[in-house]
1. Of everything in segment 220-242, what is over 23 Å from residue 165 (Cα atoms) and either in contact with a strand residue (DSSP E or B) (Cβ under 7 Å, 6 or more places away or on another chain) or in a strand (DSSP E or B) (or both)? Give them in sequence order.
2. Which of the residues belonging to segment 97-120 are charged (D, E, K, R) and in a loop (DSSP other than H, G, I, E, B)?
3. Taking residue 82 as the residue in question, decide whether it is within 27 Å of residue 101 (Cβ to Cβ) and modelled with pLDDT of 95 or more.
4. Which condition number does residue 190 fail, the rest of (1) surrounded by 15 or more Cβ atoms within 10 Å (Cβ to Cβ); (2) not in a loop (DSSP other than H, G, I, E, B) being met?
5. Could you say which residue among 175, 200, 189, 146 is modelled with pLDDT under 90 and either in contact with a His (Cβ under 7 Å, 6 or more places away or on another chain) or not basic (Lys, Arg) (or both)?
6. Among the residues of segment 12-32, is any more than 27 Å from residue 106 (Cβ to Cβ), surrounded by 14 or more Cβ atoms within 10 Å (Cβ to Cβ) and in contact (Cβ under 8 Å) with a residue 24 or more places away in the chain?
7. Hey, among the residues in segment 35-51 that are touching a Phe, Trp or Tyr at 6+ places or on another chain (Cβ under 7 Å) and of a type outside the set (A, V, I, L, M), which one's farthest from residue 120 (Cα to Cα)?
8. Only one of 67, 46 is exposed (fewer than 10 other Cβ atoms within 10 Å of the Cβ) and assigned by TED's automatic domain parsing to the domain that holds residue 89. Can you tell me which?
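The values are calculated or read from the model by the stated rules, or taken from the named source; none is laboratory data. No experiment lies behind these values; they were computed from the predicted model shown. As a convention, Cβ positions derive from the backbone with ideal geometry for all residues, glycine included, and neighbour counts pool all protein chains shown.
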Amino acid sequence: MVCDFFLSETAELADVVLPVPQWAEEEGTMTSLEGRVIRRRAALAPPPLVRSELWILAELARRLGSPSEFPVDPAVVFDELARASRGGPADYSGLSHELLDTEVAAYWPFPVGSAGTPRMFLDRFAHSDGRARLVVVRPRAAEPVADGTIALVTGRLLEHYQSGTQSRRVPELRAAAPGARLEVHPATAARLGLVDGGLASVRGALAAVVCRVNVTADIRLDTVFLPFHFPHDESANLVTVAATDPLSGMPELKRTTVRVEPVSVS
């Protein structure tokens with residue numbers, strides 16, 4: 001079971017999809033990348049029969065006979081978050097909807113009695129001695145690219161955001177970038193027999209995707225680029241490797257060895 005306001009490719013796999021409000025249809029807060037906690041107010045009413053996730057949790061608890069009480073008021077839930085986070089790294093204990101309604105510039109950590117933290121680690125780091133911990137990283141040598149293969153990097157397009165669940169539903173954005181296009185340098189395209197606008201197969205260790213070719217001098221000769229905003233047979237994650245960094249746990253999405261071949265259309 002999932003809660004979503006779009007039938008995304010992930011939601012399509014669920015047995016039950018419950019419609020929930022979008023961010024502009026419900027009260028709450030949001031925290032920006034700079035750590036500022038911003039009061040979010042409903043700008044319009046959700047469609048009929050749409051219920052908030054708080055209502056859904058409360059109703060599930062009631063139907064399952066849970067002895068706990070799940071509030072449906074976002075302000076009450078936020079107050080509980082503030083109490084639960086007290087003393088932790090992300091301390092919200094000094095915040096409330098009432099305070100945020102004054103449009104105060106509130107940056108977490110915001111303990112009770114403080115004025116917030118506009119700049120993290122200004123005087124000390126979050127260790128007992130206040131000093132930073134520096135970790136030595138020794139990058140391993142890149143594996144040589146085998147004959148007939150090329151390095152693939154994945155990333156974003158200007159027109160789309162993340163999985164594209166929302167941006168691919170905007171007509172203007174969809175018209176500007178309707179599908180995945182493999183960026184290839186002109187010299188590389190000539191070597192591989194690719195033509196601008198033609199189809200190419202991009203094959204990784206376990207699977208392959210088929211997409212249109214975008215011949216551009218904006219990319220290196222030894223690299224091709226594929227965006228990650230598109231699902232199904234155009235999904236870049238079908239060809240990326242499963243390796244992760246041993247320290248950070250970040251996936252190695254920026255360097256995958258693939259075979260690229262033209263696809264003829266009969």
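1. 222, 223, 224, 241
2. Listed by number, the residues that qualify are 101, 103, 119.
3. Yes; evaluated as a whole, the condition is true for this residue.
4. Failing condition for residue 190: (1).
5. Selected residue: 146, the only one of 175, 200, 189, 146 that is modelled with pLDDT under 90 and either in contact with a His (Cβ under 7 Å, 6 or more places away or on another chain) or not basic (Lys, Arg) (or both).
6. yes
7. Among those that are touching a Phe, Trp or Tyr at 6+ places or on another chain (Cβ under 7 Å) and of a type outside the set (A, V, I, L, M), it is 40.
8. Checking each option against the conditions leaves just 67.
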